[in-house]
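Have a look at the structure below, then the notes.
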Amino acid sequence: MTEAILPAGAIDCDVHPVVPGIAALVPYLDAYWQEMIDVRGIEGFESRAYPPMAPMSARADWRGPDGRAAESVEPVRRQLFDQWGEGGAILNCLYGIQTIHDLSLAAAMARAVNDWLAAEWLAIEPRFRASIVLPLQSPELAVEEIERRAADKRFVQVLALVMGEQPLGQRAYWPVWAAAERHGLPLAIHTGSAYRRAITALGWPSSWLEDYVDQAQAFQAQVGSLVSHGVFNRFPGLKVVLSESGITWLPAFLWRFSKNWRGLRIEIPWVERPPIEIVRDHFRLTLQPIDAPDGATFERIIDQLGSDEMLLFSTDYPHWQLDGDQPMPDWLPAGTRRKIAVDNPRATYPRLGEVPSGGDR
Amino acid sequence: MSLDTVDDVLVESRGEARAERTRPVRSTIVDCDVHPTVRTAKDLEPYLARRWWDHFTTYGLRPKHGNATADPYPKAQPRAARRDAWAPNGDQPGSNLAFMREHYLDPYGVECGILSPLNPTGQGDQNIDFSIAMTHAVNDWQLDVFTRLEPRFKASIVIPYEDGEASAREIELRAGTADFAQVLFLTRTSEPIGKRRYWPIFEAAAHHGVPVALHVFGYSGHPVSGTGWPSYYIEEMTGHSAACQAAVASLVLEGVFERFPELKVVIIEGGFGWLPSLTWRLDRHWQKLGAEVPGCRRPPSEYIREHIWITTQPIEEPEDTADLIQTMEWIGWDRLLFATDYPHWDFDDPMRALPRGLDPANRRKIEAENARALFKLG
C-alpha cells in the first residue's frame, strides 16, 4: 500500500466494472431472451460513450493483454483496496442499457446487469457496493427494477446517464424518484449519453474529446431541470450525485441560474428558494475528473460553492483520470480529504452503514 | 460626479434610480449588444425582391421549431423587453431611432452601440434562399434606418450562416463599409460551428479583419440540451451559455484558429462565468486526448486567450462580488466587452452592472477601451 494519503475507510464513489461481453450476461437472462440473443445474433450493447480502446476508457497500465480493463473483481480489488487502501467502492456499470430502443429488451438487460453485479462482484468482494442500473427509457420498468433489487442493501444508489430520453426533472420520471427516495437510494447522474439526439445545442461534434468536454453542458441542463420542475419539493429526501461531471462549471452555472430565477420565477413559482441553495442541499459531485488547473484554483472553486459537504471522493477507475500512484491529490488538506473520502459519502449514502473498513481482508 | 459616486447614490436610493441615470456621467461606453428591430415587417419590403416579400407574407419565418409566430418558450414579459422601452407613439422597443436616442444613447453615455438584429432576420430559416435574401435585406435596412442617421450606431453583417459560400459573399459585399463592425451568427447553428461548412465565413471575416460575433439564441433543430427539450423558459435561457460552451469547444478543437490565425470571435449574451471552467476542462482533456484532434496543435487555453472576446451581459451575480472579479481576472481584462442588451428586460445598466471594487483602469477597459481596439473605433 502506498503512503496513506487516503484516510481510513475512504469510499470511492465512482468505479466502473466493465461487462466483458454479452456472453457474460446471458446466464442472467430468462430463457426467451437467451434464445433471442442466440437466434438473432445480438452482439451486445457496449456504449459508444466509452469505446473500450479509447485512451480515457482505461489507464494504460490498468489494461490487460487484450487492452480491456476492469472486467473482473481481481484487478479492481488489487488496485482499489490493496494498492490504495480504500475502505469501499461504489460500482457504476456503464453498459449501454439506456441505448436500447426495445423497452422489454432494455428491462431484461438491466436485470441481467444488476444480477451479474450482485453475483460476480458484490458476492465476491464485500467492500463493493453498486448502483442499480435502470431501463430509464420506461419509467414504469425502471420502478419495477428498483423494487426488484431494493431489498439488497448492497445496492446503494440508482444510476442514470446524463443524456437519456428527456430532462430528468420532467414528471414522467417522478415515480422513479419516488421509489429511489422511498428506499434511501440517491440518484447518480453519470457522464454518458443514450445518443437519442445530438449532444450539444449545435449538433454532433466531430471528436470523442469534444463529446467528452461537452458532457458538462448536459449536467448543467439536468441541474436546471430537476430544480425548475420542483423535484425537491416533492421528494425532499432525494439526493443527486453528479458523477464524473467535473466540478468547476458548477459555481458559474449556479450564479446564472440563480440570477435567472430572480428574474423569471413567476414561471416556476413552486421554486421558492434560490437554486444555489437547493443545489447545496440536494446535489453532490464525485471528485474525478478534477478539472481545475491547480490546487489553488480548485480550492477557490470549492469556496465558491459555499459548502464543504458536496464533494465525494472518486477515482473513476479504470478511466484514465489519475496519473501516478496516488488516488487523491496530495495538495488537498488532510481535513478536506477526510471530509470528502469518508464523512460526505456516509452522509450521502444511508445504505453505506455496513461497509467494512479497509484492510479487513 | 464620479461613477463610483453615482453607484453609491443608486444603491442608497433605488427609487430615484431613473432620475439619477439621466445625469451626465464621467465616462462613456461602447455597448456591444443593442437590438434594433422593425416597426412592422413592412419596413423590410423595400429591401426584398417581390418573390421574397411574397414568400415572407405568405409563409412567414420558418426557423426549426413548431410555433408559427411566437417563440416556443414564452418569455416572461412582452417581447422580452423593458416595460419602458416602447416609444411614446407605440413603436416597439428598438424600432424608433429618435426614442432610442432619448431613452438609451444619451442617458447611458453610449459612444458606440453595436447593433445585433435578432428578429426578423431570416437567420437559421429552413429555406436557405429566403435566408440569403432576408439577411441581405436586413443589412441594407440597418444602414438606412440606423447607421446612416446615427453615427453612434454600428451595424452587424447578418449572414445566412447555414450556407457558408453565400455568407462569405455577403461579407465580401459589406466588409468594406465602415458602418459594419462585425459578422453576426446566432450561437445555435445546425452543426457545431467549427465544422468545415462554416469555414468560408471565417476565411472571409479573417481576410477583412472583421470580428465574428456569436449571439445566443437561434433554433438549430437540436434541443438546447443533449438530453432533450426542457420545459421552461428559464431552462432554455440558462441553457444559452451551454450552447456558447459547445461553440467555443468546437472552434478550438476543429482547429479553426490554427487555420485562420487572424480570426477574432466575440461571444454575446451568454454571460462569461462559464469560460474559465470550459478552458480548464478543454486543456485537461486535450493534454491526454489531443492526438485525436490534430487541427488543435496548442493547449486550447492559448487559442481562447488569443482569439475570444466576450461580452459581460447578462452579468453573473455571485453571492460574493470578489468571485466575479476573480472570474474576470481568469478570462483577462483585455477580453471583456461591456454590453447592455438594450432594450431587453435583462438589460445591464452601465452604472450599476459592473462589480464594485473593480480597479478603475480595468473598468475602463471593459466599458470602452477593449471594444475600441477590437472594432477599430474612432
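Just so you know, all these numbers are worked out from the coordinates, no wet-lab data involved. Only a predicted model underlies this, so the values are computations on that prediction, with no experimental measurement involved. Reconstructed Cβ throughout: ideal geometry from the backbone, glycine too, with neighbour counts over all protein chains shown.
With a cap of 15 neighbouring Cβ atoms within 10 Å, and only residues DSSP puts in a loop, list the trypsin sites (Lys or Arg not before Pro) found in region B:130-216.
Values: sites: B:R148, B:R152, B:K154, B:R169, B:R174, B:R188, B:K195, B:R196, B:R197; in loops: B:R148, B:R152, B:R188, B:K195.
Passing sites in region B:130-216 are B:R148.
Which loop-located chymotrypsin sites (Phe, Trp or Tyr not before Pro) does region A:280-361 contain, where loop means any DSSP state but H, G, I, E or B and the Cβ has at most 10 other Cβ atoms within 10 Å?
Values: sites: A:F283, A:F298, A:F313, A:W320, A:W331; in loops: A:F313, A:W320, A:W331.
Sites meeting the loop and neighbour criteria: none at all.
How big is the Rg/Rh ratio for chain B, C-alpha atoms only, Rh by Kirkwood, two decimals?
Details: Rg = 20.1 Å, Rh = 21.2 Å.
Here the Rg-to-Rh quotient is 0.95.
Given H placed 1.01 Å from N in the peptide plane, which residues other than close sequence neighbours of A:G192 have an amide H under 5 Å from its amide H?
Correct list: A:V162, A:M163.
Using alpha carbon coordinates only, what is the Rg to Rh ratio of chain A, with Rh defined as the Kirkwood radius? Don't skip to the answer; put the middle values down first.
Values: Rg = 19.5 Å, Rh = 20.7 Å.
Ratio of gyration radius to Kirkwood radius for chain A: 0.94.
Measure of size requested: the Rg and Dmax of region B:150-275, with Cα atoms as the atom set and Å as the unit; please supply both.
Final numbers for Rg and Dmax: 14.7, 45 Å.
Translational D (Stokes-Einstein, µm²/s) of region B:110-160 at 37 °C and 0.692 mPa s when Rh comes from the Kirkwood sum over C-alpha pairs? Mind showing how you got there, number by number?
Values: Rh = 11.2 Å.
Rounded, D is 292 µm²/s.
Which semi-axes, in whole Å and largest first, does the equivalent ellipsoid of region A:1-111 have when worked out from the alpha carbon gyration tensor as the square roots of 5 times its eigenvalues? Write down the numbers at each step before the final one.
Values: eigenvalues 197, 46, 30 Å².
Working from the Cα gyration tensor, I get semi-axes of 31, 15, 12 Å.
Within 10 Å of each Cβ in A:278-287, how many Cβ atoms from other chains are there, averaged over the peptide? Display every interim value, and only then the final one.
Numbers: counts 0, 0, 0, 0, 0, 0, 0, 0, 0, 0.
The shielding value for this peptide is 0.
Which number gives the lysine pairs in region B:29-374 that have C-alpha atoms under 21 Å apart and are eight or more places apart or on different chains? Working shown, then result.
On the way: B:K64/B:K75; B:K64/B:K195; B:K154/B:K264; B:K154/B:K365; B:K195/B:K264; B:K264/B:K365.
Count of close lysine pairs: 6.
List the lysines whose Cα lies under 26 Å from the Cα of A:K339, skipping any in the same chain that are fewer than 8 positions away.
Straight-distance partners of A:K339: A:K153, A:K239.
Name the longest site-free stretch of chain A, where the excluded sites are GluC sites (Glu not before Pro) in a DSSP loop with no more than 14 other beta-carbon atoms within 10 Å. If you can, show how the numbers build up before the last one.
On the way: sites that count: A:E3, A:E43, A:E272.
Counting at most 14 other Cβ atoms within 10 Å as exposed, the longest clean stretch of chain A is A:44-271.
Quick query: amide H of B:G295 versus all other amide H atoms, modeled in the peptide plane; which residues come in under 5 Å with a sequence gap of 5 or more or a different chain?
Answer set, sorted by chain and number: none.
What residues have an amide H closer than 5 Å to that of A:D14, excluding those fewer than 5 places away on the same chain, when H is modeled at 1.01 Å from N in the peptide plane?
A:I90, A:T315, A:D316
From the backbone phi of region A:296-304, what are the Karplus-calculated ³J(HN,Hα) couplings (6.51 cos²θ - 1.76 cosθ + 1.60, θ = phi - 60°) in whole Hz, Gly and Pro given as x?
For region A:296-304, the Karplus-derived couplings read 5, 5, 4, 5, 5, 5, 5, 4, 5 Hz, x marking Gly and Pro.
Applying the Karplus parametrisation 6.51 cos²θ - 1.76 cosθ + 1.60 with θ = phi - 60° to the phi angles of region A:151-161, what ³J(HN,Hα) value in whole Hz is obtained for each residue in order, glycine and proline being reported as x?
Listing the rounded values in order: 5, 7, 6, 6, 8, 10, 7, 10, 10, 10, 6 Hz.
Given the -39500 (n - 2.57) contribution per DSSP H run of 4+ residues, what per-residue ellipticity at 222 nm results for the protein assembly as shown, rounded to the nearest 500 deg cm²/dmol?
Details: 27 runs with 258 residues, N = 739.
It comes out at -10000 deg cm²/dmol, rounded to the nearest 500.
Gap in Å between the Cα centre of region B:307-374 and the Cα centre of region B:249-264?
24
Can you tell me what percent of all Cα-Cα pairs in region A:44-98 are more than 16 Å apart? List each step's numbers first, then the result.
Details: 748 of 1485 pairs.
Looking at region A:44-98, the distances longer than 16 Å represent 50 percent of pairs.
Sorted from largest to smallest, which semi-axis lengths in Å does the alpha carbon gyration tensor of the protein assembly as shown give for its equivalent ellipsoid, taking the root of 5 times each eigenvalue?
Numbers: eigenvalues 454, 153, 113 Å².
Equivalent-ellipsoid dimensions as semi-axes: 48, 28, 24 Å.
Just to be sure I understand the model, the point goes 7 Å from the Cα along the line to the Cβ. What's the resulting B:L377 to B:A68 distance in nm?
Label at B:L377, label at B:A68, 4.2 nm between them.
Report, for chain B, the % of DSSP beta bridges that are antiparallel, rounded to 5. Numbers along the way, then the final one.
Numbers: 2 of 25 bridges.
Restricted to chain B, the bridges split so that about 10 percent are antiparallel.
At a Förster distance of 30 Å, what's the computed FRET efficiency of A:D152 paired with A:R40, Cβ-Cβ distance as r, to 0.05? Can you show the working numbers first?
Details: r = 31 Å, r/R0 = 1.02.
About 0.45, to the nearest 0.05.
What are the ³J(HN,Hα) couplings of region A:91-101, residue after residue, when phi is run through the Karplus curve with 6.51, -1.76, 1.60 and θ = phi - 60°? Round to Hz, x for glycine and proline.
Result, ordered by residue: 8, 10, 7, 9, 3, x, 4, 6, 7, 6, 8 Hz.
Set the Förster distance to 51 Å, then compute FRET efficiency between A:D61 and B:T177 from the Cβ-Cβ distance, nearest 0.05. Mind dumping the intermediate values first?
On the way: r = 60 Å, r/R0 = 1.18.
Working from the Cβ atoms, E equals 0.25.
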